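S.K.: Please find one structure pasted underneath; my questions will follow.
The values are calculated or read from the model by the stated rules, or taken from the named source; none is laboratory data. A quick note: this is a predicted structure, and the numbers were derived from the prediction, not measured. Positions of Cβ are generated from backbone atoms using ideal geometry, with glycine treated the same way; all protein chains shown enter the neighbour counts.
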Amino acid sequence: MTQVRQRLGQYGERLAEQHLVSRGYIILARNYRCPAGEMDLVAQAGPMVIFVEVRTRRGRGYGTPEDSITPRKQAHLIAVAQTYLYEHMLDDALWRIDMVAVEMSAQGELLRVEHIENAVEG
């Protein structure tokens, strides 16, 4: 991953975290990694554990952030969520996988930060 893309992704993750915290979510983990893959954020709202994939796009050359969650990516996210739940002995927890779409113009202007609940059906 190029440094520019990496910085863009980190910027998007910070915006997503701020967005969630401002709505009362508690951040449990950032960039959780396991053999199945990586999850940008793990949060909690009430009794619900929320796994959050952040997708940041600058311009529409590669489509919208939502377009980037392929069936293969969905399968990885589900596996990561299940691993986290197992490792933290949360087998009976209520959980879901959300997405935060961060979209910027080609010039770098922030266009939207949108939280999409149940973006991936687990």
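S.K.: Looking only at residues that are under 18 Å from residue 15 (Cβ atoms) and of a type in the set (D, E, K, R) in region 39-76, which one is surrounded by the fewest Cβ atoms within 10 Å (Cβ to Cβ)?
M.R.: The residue in question is 66.
S.K.: I want to confirm something. Restricting to region 1-51 and keeping residues that are among the aromatic types (Phe, Trp, Tyr) and outside any helix (DSSP H, G or I), which single residue is nearest to residue 95 (Cα to Cα)?
M.R.: Here the answer is 51.
S.K.: Is one or more of the residues making up region 82-89 at positive phi, over 14 Å from the mean Cα position of the chain (by Cα) and not hydroxyl-bearing (Ser, Thr, Tyr)?
M.R.: Scanning region 82-89, I find at least one residue that is at positive phi, over 14 Å from the mean Cα position of the chain (by Cα) and not hydroxyl-bearing (Ser, Thr, Tyr), so the answer is yes.
S.K.: I'd like to verify a number: residues in region 46-57 that are out of contact with any helix residue (DSSP H, G or I) (no Cβ under 6 Å at 6 or more places or on another chain) and either β-branched (Val, Ile, Thr) or modelled with pLDDT under 95 (or both), how many?
M.R.: 6
S.K.: Still on this structure, please answer the following. I'd like to check something: does region 81-92 contain any residue that is assigned to a loop (DSSP other than H, G, I, E, B), in contact (Cβ under 8 Å) with a residue 12 or more places away in the chain and surrounded by 11 or more Cβ atoms within 10 Å (Cβ to Cβ)?
M.R.: Within region 81-92 (the criterion being assigned to a loop (DSSP other than H, G, I, E, B), in contact (Cβ under 8 Å) with a residue 12 or more places away in the chain and surrounded by 11 or more Cβ atoms within 10 Å (Cβ to Cβ)), the answer is yes, since at least one residue qualifies.
S.K.: When residue 118 is evaluated against the numbered criteria (1) modelled with pLDDT under 95; (2) on the phi < 0 side of the Ramachandran plot; (3) loosely packed, with under 12 Cβ neighbours inside 10 Å, which criterion, by number, is the only one it fails?
M.R.: With respect to (1) modelled with pLDDT under 95; (2) on the phi < 0 side of the Ramachandran plot; (3) loosely packed, with under 12 Cβ neighbours inside 10 Å, residue 118 is out only on (2).
S.K.: Can you tell me which of (1) in a helix (DSSP H, G or I); (2) within 13 Å of the chain's Cα centre (by Cα); (3) over 18 Å from residue 120 (Cβ atoms); (4) free of Cβ contacts under 8 Å to residues at least 24 places away in the same chain is the one residue 73 doesn't meet?
M.R.: Failed condition: (3).
S.K.: Same structure again: Given (1) in contact (Cβ under 8 Å) with a residue 12 or more places away in the chain; (2) closer than 19 Å to residue 119 by Cβ; (3) surrounded by 13 or more Cβ atoms within 10 Å (Cβ to Cβ), where does residue 23 come up short, assuming only one miss?
M.R.: Only one criterion in (1) in contact (Cβ under 8 Å) with a residue 12 or more places away in the chain; (2) closer than 19 Å to residue 119 by Cβ; (3) surrounded by 13 or more Cβ atoms within 10 Å (Cβ to Cβ) is unmet by residue 23, namely (3).
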